[in-house]
């Protein structure tokens, strides 16, 4: 009998011990994760008694998100005065569907739970005030965001502009977009109707074409291939074969230049000339010469297939597994001109351009510049951070000169800015089943850039099958760069 009682007592002690461990785990270790989990509806309801912090643009006067008091059961309503223009940056704050983008990734700060706000929380409790959250000050410049939106107009596409020296995002605009106010109302029926409509839209407006979606980069990817050539001993003056078309190994097919014909310069042209005129045949042959492993490694150095930290979720570019090229040499040639299975987005290509302009150093992209308490005091300043060095400084300078020639006298002349040296690269990416995507990447001033930019206009925009990166994307980039440089 005593043995049974001891066993029962031991069992109860073990159960109480496990219960204590679970309570401590929930209250201490997992507290932040549970509080920030957008699926936690109970805690989400509790958040509506918090005067959530604002999200501000770089000028600190343009309000992108704020809370206002209501008379309803949910005390505060989240509003987005700029609507669609910043939706893919701010995200939404929904009673039904939780949080997204900055509203989610900086929820701890915006909801007043961050450790730096502990004194503020104590004061608010003593005075009987509602808890107040911290505000975010972003690096996004409203004028540049407006110009990016105006440049795209009603066309599907995206613009990303960064400061290549710091990684700060100056503009991040994508079409189509959506109105986060619809998902952040206090009317559950209205929220669900908007959610269903947005998710049924085949253009996927909830996903950003600037950072969430993948597209073939076309000839803008040739800067990565040129970097691989330079890093492996070639010089801009070294020549490569320039036939009218490239006979593809393992097949009877050929790779042709855009528009057909031979690139100017004779049977052989320099690496610099091939980039200036965006010669597909020359770069396809160069890709075969360098090999899949070399191209894949250079792409990896530029962040393709890697994890690059950012303030909101996003998709870095992807490059095919080089082992597959042994049985698919044509795929390697097409990958060297940014086709086949090479995929990326404008944010990543802005980072690629910025790394070249920044002497071969790629910075981590950053949206949030400062976190400020409810009184406006800076409680955290987010400093620039280096992500990697995809190429040497000397080779980055060589590639910069090659990209300057693209804008001065090559395919990117539409990006010229009077009195400013611009380095860039056009791209026209074939897209099976529809019209080509028009790309342009650039940075300026070329010798010490303060802005790097990538633009894509999807499916030919309003030019259809006649669209090229030089025609349709370069002018958008020029207007944004010019505004940034003139202040």
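Computed from the coordinates by the stated procedures, all read-outs in this text should not be read as laboratory data. Small disclaimer: the values here were computed from a predicted structure and weren't measured. Glycine gets a Cβ as well: all are built from the backbone with ideal geometry, and neighbour counts include every protein chain shown.
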So for the chain, averaging the separation of alpha carbon pairs under 8 Å that are six or more residues apart and normalising by length, what relative contact order in percent results?
15
7 Å from Cα along Cα→Cβ at both residue 232 and residue 307: what's the point-to-point distance in nm?
2.9
Cα long-axis angle, helix 280-290 against the chain (0 to 90 degrees, to the nearest 10):
70
If you wrap a convex hull around the C-alpha atoms of the chain and split its volume per residue, what is the figure in Å³?
202
Place a point 7 Å from Cα of residue 203 in the direction of its Cβ. Which residues in segment 460-487 have their backbone N less than 11 Å from it?
none
Convex hull volume per residue in cubic angstrom - Cα atoms of segment 49-191
121
Give the Kirkwood hydrodynamic radius (Å, one decimal) of segment 172-267, defined as one over the mean of 1/r across all pairs of different Cα atoms.
18.5
Taking one equal scatterer on every alpha-carbon of segment 315-389, how large is log10 of I(q)/I(0) by Debye at q = 0.23 1/Å?
-1.04
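Would you compute, from DSSP H runs of 4+ residues alone, the mean residue ellipticity of the chain at 222 nm, taking -39500 (n - 2.57) per run and dividing by the full residue count, rounded to the nearest 500?
-10500 deg cm²/dmol
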How do 293-300, 215-222 rank on mean C-beta neighbours within 10 Å, highest first?
215-222, 293-300
Taking Cα centroids, how far is segment 431-473 from segment 303-323 in Å?
21
Ordering 148-160, 351-363 by per-residue average of other C-beta atoms within 10 angstrom, highest first, gives 351-363, 148-160
Between 0 and 90°, nearest 10: helix 118-127 axis offset from the chain longest Cα axis:
40
Inter-label distance for residue 150 and residue 256, nm, one decimal - labels placed 7 Å from Cα along Cα-to-Cβ
4.0
How long are the semi-axes of the equivalent ellipsoid of segment 351-487, taking √(5λ) for every eigenvalue λ of the Cα gyration tensor, in whole Å from largest down?
29, 20, 15
What is the log10 of I(q)/I(0) for segment 246-321, computed with the Debye formula using one identical point scatterer on each Cα and no solvent, at q = 0.13, 0.15, 0.22 Å⁻¹?
-0.55, -0.69, -1.04
Going out from 0 in 10 Å bins, what whole percent of all Cα-Cα distances in segment 157-213 drops into each bin?
22, 38, 27, 12, 2
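Defining a contact as two alpha carbons under 8 Å apart and six or more residues distant in sequence, what relative contact order in percent does segment 133-280 show? It would help to have the intermediate numbers written out before the result.
Details: 165 pairs, mean separation 22.5, N = 148.
Rounded, it is 15 percent for segment 133-280.
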Could you work out how far helix 2-24 tilts from the main Cα principal axis of the chain, as a 0 to 90 degree angle to the nearest 10?
60
